[in-house]
Amino acid sequence: MTPSAATPAYRRLSVEERRTQLLNAALTLFAHRTPEDVSLDDVAEAAGVSRPLVYRYFPGGKQQLYEAALRSAAEELRHCFDEPRDGPLLPRLARALDRYLTFVDEHDTGFSALLQGGSVVETSRTTAIVDGVRRAAAEHILSHLDVTDPGRHLRMTVRMWITAVEAASLIWLDEGKQPPRDDLRDWLVEQFEATLAVTAARDPQTAALAQRLTADE
């Protein structure tokens, strides 16, 4: 009689491990399907658990699970702009955009649903999470610019550029991810330079910053 193969020992997941498992399953589903098209049954099946177990960890149902998944995704997006302050600014910005556009590429449907709004699971809390990512990105960029007290013109310029990056990302997805991602990244960096140049004509603080960036190239 041939000995049977050893069965791997079962290990009960800790509360945090199980929650992370459910969140990862939800994130994978929300990345490529709109929130309306994802059910708790779908999440349970993807995680290999029962529907009651999903409710045990997220008693608020899909809304609570979606918000938790969104916070996790938002944290990842925040880290996209968390670039070491080494070397010239524009290459640093390009590296941050690389990470940002990679996230967009890997979470295409979910990214579109998130930024375009209109979802039945959209609430003031989900909107606040998205706004938090935008503000964090602006703070990172101003930090890289070595500006501790930005004036109104510079603050608006940076925030307008972040809005343009979001819009370009959505259009890029709608256009079948064309032009190539590297081209889009370089184009957005050039737009940042151009936007600063326009504001520099109106604002001495931005003008001094633009001159410093030019000398840094």
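The values are calculated or read from the model by the stated rules, or taken from the named source; none is laboratory data. Since this is a predicted model, take the numbers as computed values, not measurements. Every residue, glycine among them, receives a Cβ derived from its backbone with ideal geometry; neighbour counts consider all protein chains shown. Side chains are part of the model used for accessible areas, which takes the heavy atoms of the whole protein and leaves out ligands, DNA and RNA. Shrake-Rupley method; radii C 1.70, N 1.55, O 1.52, S 1.80 Å.
Brief remarks on what is shown
- Solvent-accessible ranking of Val15, Val104, largest area first, probe 1.4 Å: Val15, Val104
- Rolling a 1.4 Å probe over the protein heavy atoms of region 3-64, with every protein chain left in place, gives an accessible area that is 55 percent carbon and sulfur.
- Solvent-accessible surface (1.4 angstrom probe) belonging to Lys62, in square angstrom, nearest 10: 50
- Ranking by accessible area, most exposed first, for Tyr100, Tyr57 with a 1.4 Å probe: Tyr57, Tyr100
- Förster radius 35 Å - calculated FRET efficiency between Ala207 and Arg125, Cβ distance, rounded to 0.05: 0.30
- Normalised per residue, the accessible area of the chain is 56 Å², obtained with a 1.4 Å probe and no contribution from ligands, DNA or RNA.
- Accessible-area composition of region 81-216, carbon plus sulfur, in percent [1.4 Å probe]: 52
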